[in-house]
Amino acid sequence: MTHLIGKDELPYGKIAHKFEGHRYGDVNVSFFLVDSPPGGGAVLHTHPYEEVFVTLEGNATFTVGDKTIEVGAGQIVVAPADVPHKFVNSGTGPLRQVDIHPSGRIQQVNIPEDAPG
């Protein structure tokens, strides 16, 4: 079955609309449509699968494991499975990106920033 979904029909959190494929006929992919103001971003977390971040507009600082990565529009970051990662909009304008999860359900475990490493 073909689905046509408007972005505004998707659940919205603090910085992103969330598409989970299982809601649309067992599609085996999910994603966040991020639209974050400066200083906004995702908390440190892991997934049991890779996460792919496609930066469409703006600048972000990613932490992936023990690496810090500065990215801009047109760049892609791949966070490996089970590696803690986060990002923050480090620019002066909006950060727009698509965060792709190769799973029909987003499986995320948040990690407190003060957790022992």
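The values are calculated or read from the model by the stated rules, or taken from the named source; none is laboratory data. For clarity, every value in this text was computed on a predicted model and none was experimentally measured. Here Cβ is always computed from backbone atoms with ideal geometry, including for glycine, and neighbour counts include all displayed protein chains. The area values use the complete protein model at the heavy-atom level, side chains included, leaving out ligands, DNA and RNA. Shrake-Rupley method; radii C 1.70, N 1.55, O 1.52, S 1.80 Å.
Model label points for GLU57 and GLU113, set 7 angstrom from Cα along the Cα-to-Cβ axis, are 2.7 nm apart. Just the protein heavy atoms count here, and of the accessible area of the chain at 1.4 Å, carbon and sulfur take up 55 percent. For segment 1-71, what is the relative contact order in percent, using Cα pairs closer than 8 Å and at least 6 residues apart in sequence? Relative contact order of segment 1-71: 18 percent. In the full protein context, segment 1-85 carries 58 Å² of accessible surface per residue, based on a 1.4 Å probe and ignoring ligands, DNA and RNA.
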